[in-house]
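A.B. asks: My structure is below; once you've seen it, I'll send some questions.
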Amino acid sequence: MTIAALINKTDNLELVRDVIAAILAVETASQMALAEAGAKDPELWRLRVYKDRIEPWGAYLSTPATGTVDAAPIVNVSFETEAFIESDGDYIERQSADAKFNLDVYGYGLAAAEVTGHTPADVKAAAERDRATRLVRNIIMAAEYYELGSDMIGTVSKRFIQSITALDLTDSDRRPIQQVRAARIVLGVTFNELSPQIELVPCAGILSRVHTELDGEVVFSIQQWFGD
């Protein structure tokens, strides 16, 4: 016997990754609007959100001017691993999964002369990285997203930040890229995955009957019929 229906669905692993990216994009726009309404510079709340990119920071290499959209911090959301919890699922339909997603944050900076002295590019980039990492952590861990939002209620049971680690970026010659600094936020998410099930045919009716034969034998019979 083969699976009767075409497998034409998206696994929750993919949905969770996409929801994380969507949350960051929506909240970035919202935070910028709140900043503007509060007479603050909205660019300090801008994040450029990517999904499954290897080097999303490549645009920084063209040295965009500070304060422009191209110079804004970048967040790249990607899947790392998924492990299944045998004791918290079943062997039929529902599999409970613990997954890890990497939220890689990149900050960019240019060397600048300040009133009090000179600010190196890597120092500026580190400050931008830290500011963006702070925003990402607070957005993802906000109470509104304890199950990654209303769309994932019943699917996601837990989300938690496992670690935040600084990353060193190097060029093809393994030299540090001075104007770009990065950090990796590892986000753990526990959710359900579902598998295809047998499609049962609805039963329209069941008629059962018990009677006694002439020789005294008690006989049980059943008749059932199915709808369209």
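The values are calculated or read from the model by the stated rules, or taken from the named source; none is laboratory data. Please read these numbers as outputs of a predicted model, since none were measured by experiment. Backbone-built Cβ (ideal geometry, glycine too); neighbour counts: all protein chains shown.
A.B. asks: Taking the stated definitions as given, is ALA125 farther than 18 Å from ALA65 by Cα and touching a helix residue (DSSP H, G or I) at 6+ places or on another chain (Cβ under 9 Å)? Write out each step before concluding.
C.D. replies: Working: farther than 18 Å from ALA65 by Cα: no; touching a helix residue (DSSP H, G or I) at 6+ places or on another chain (Cβ under 9 Å): yes.
So ALA125 does not fit the description; no.
A.B. asks: Check off (1) farther than 27 Å from ASP18 by Cβ; (2) within 21 Å of the chain's Cα centre (by Cα); (3) not acidic (Asp, Glu) for ALA142 and give me the number that stays unchecked.
C.D. replies: Here ALA142 clears every test but (1).
A.B. asks: Could you please let me know if ARG94 is in contact (Cβ under 8 Å) with a residue 60 or more places away in the chain and either exposed (fewer than 15 other Cβ atoms within 10 Å of the Cβ) or in contact with a His (Cβ under 6 Å, 6 or more places away or on another chain) (or both)? Can you show your working first?
C.D. replies: Numbers: in contact (Cβ under 8 Å) with a residue 60 or more places away in the chain: yes; either exposed (fewer than 15 other Cβ atoms within 10 Å of the Cβ) or in contact with a His (Cβ under 6 Å, 6 or more places away or on another chain) (or both): yes.
Answer is yes for this residue.
A.B. asks: I've got another one for you. Looking at ALA65, ALA33, ALA59, which is the one that is closer than 22 Å to ALA142 by Cβ, out of contact with any Ser or Thr (no Cβ under 8 Å at 6 or more places or on another chain) and not in a strand (DSSP E or B)?
C.D. replies: Numbers: ALA65 fails: closer than 22 Å to ALA142 by Cβ; ALA59 fails: closer than 22 Å to ALA142 by Cβ.
Exactly one of ALA65, ALA33, ALA59 is closer than 22 Å to ALA142 by Cβ, out of contact with any Ser or Thr (no Cβ under 8 Å at 6 or more places or on another chain) and not in a strand (DSSP E or B), namely ALA33.
A.B. asks: I'd like to verify a number: residues in segment 59-75 that are under 18 Å from VAL105 (Cβ atoms) and loosely packed, with under 12 Cβ neighbours inside 10 Å, how many?
C.D. replies: Number satisfying all stated conditions: 1.
A.B. asks: Now, a different point. For TYR50, indicate whether it is part of a helix (DSSP H, G or I), among the aromatic types (Phe, Trp, Tyr) and surrounded by 16 or more Cβ atoms within 10 Å (Cβ to Cβ). Write out each step before concluding.
C.D. replies: Numbers: part of a helix (DSSP H, G or I): no; among the aromatic types (Phe, Trp, Tyr): yes; surrounded by 16 or more Cβ atoms within 10 Å (Cβ to Cβ): yes.
Here the answer is no, as TYR50 does not meet what is asked.
A.B. asks: Quick one: what pairs do we get from segment 112-130, first residue farther than 16 Å from ASP168 by Cβ, second part of a helix (DSSP H, G or I) and modelled with pLDDT of 85 or more, C-beta under 8 Å, 6+ apart or different chains?
C.D. replies: Close Cβ pairs (under 8 Å, with a partner that is part of a helix (DSSP H, G or I) and modelled with pLDDT of 85 or more) amount to ALA112/LYS124.
A.B. asks: Oh, and also: Restrict the check to segment 137-148 and report whether at least one residue is at pLDDT below 75, farther than 23 Å from THR10 by Cβ and basic (Lys, Arg). Spell out the reasoning first.
C.D. replies: As a first pass, look at segment 137-148 and keep what is at pLDDT below 75: none.
The answer is no, given that none of the residues of segment 137-148 is at pLDDT below 75, farther than 23 Å from THR10 by Cβ and basic (Lys, Arg).
A.B. asks: Could you tell me which numbered condition ALA22 fails, if it satisfies all but one of (1) touching a residue at least 24 places away in the same chain (Cβ under 8 Å); (2) within 23 Å of PHE191 (Cα to Cα); (3) crowded, with 16+ Cβ neighbours inside 10 Å?
C.D. replies: Unmet condition: (1).
A.B. asks: Every residue in segment 147-161 that is on the phi > 0 side of the Ramachandran plot and surrounded by 15 or more Cβ atoms within 10 Å (Cβ to Cβ), please. So that I can check it myself, show each step before the final result.
C.D. replies: Here is the first cut: in segment 147-161, the ones on the phi > 0 side of the Ramachandran plot are 148-149, 154.
Residues satisfying the conditions are LEU148, GLY149.
A.B. asks: Considering every residue within segment 44-60, establish whether at least one is among the aliphatic types (A, V, I, L, M), under 16 Å from the mean Cα position of the chain (by Cα) and within 30 Å of PRO196 (Cβ to Cβ).
C.D. replies: The answer is no; no qualifying residue exists.
A.B. asks: Now for a different question. Specify the residue that is modelled with the lowest pLDDT; the eligible residues are those in segment 108-126 that are in contact with a Ser or Thr (Cβ under 9 Å, 6 or more places away or on another chain) and not in a loop (DSSP other than H, G, I, E, B). Break it down stepwise before answering.
C.D. replies: Restricting attention to segment 108-126, the residues satisfying the condition of being in contact with a Ser or Thr (Cβ under 9 Å, 6 or more places away or on another chain) are 108-113, 124.
Next cut, not in a loop (DSSP other than H, G, I, E, B) only: 108, 112-113, 124.
Numbers: TYR108: 94, ALA112: 80, ALA113: 69, LYS124: 92.
Per the criteria, the residue is ALA113.
Matching residues to (1) assigned to a strand (DSSP E or B); (2) at pLDDT 90 or above; (3) hydroxyl-bearing (Ser, Thr, Tyr):
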residue: ASP90; (1), (2), (3): no, no, no
residue: LYS100; (1), (2), (3): yes, yes, no
residue: LEU103; (1), (2), (3): yes, yes, no
residue: TYR106; (1), (2), (3): yes, yes, yes
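A.B. asks: Could you give every pair whose Cβ atoms fall below 6 Å, whose first residue belongs to segment 55-72 and is within 13 Å of ALA125 (Cβ to Cβ), and whose second residue is in a loop (DSSP other than H, G, I, E, B), counting only separations of at least 6 or pairs across chains?
C.D. replies: Listed by first residue and then by second, the contacts come to THR66/LEU110; ALA71/PRO64; ALA72/ARG46.
A.B. asks: Evaluate the following for SER78: is it hydroxyl-bearing (Ser, Thr, Tyr), over 19 Å from ALA142 (Cβ atoms) and either surrounded by fewer than 13 Cβ atoms within 10 Å (Cβ to Cβ) or within 24 Å of the chain's Cα centre (by Cα) (or both)? Lay out the reasoning, then the answer.
C.D. replies: Working: hydroxyl-bearing (Ser, Thr, Tyr): yes; over 19 Å from ALA142 (Cβ atoms): yes; either surrounded by fewer than 13 Cβ atoms within 10 Å (Cβ to Cβ) or within 24 Å of the chain's Cα centre (by Cα) (or both): yes.
Taking the combined requirement at face value, the residue satisfies it.
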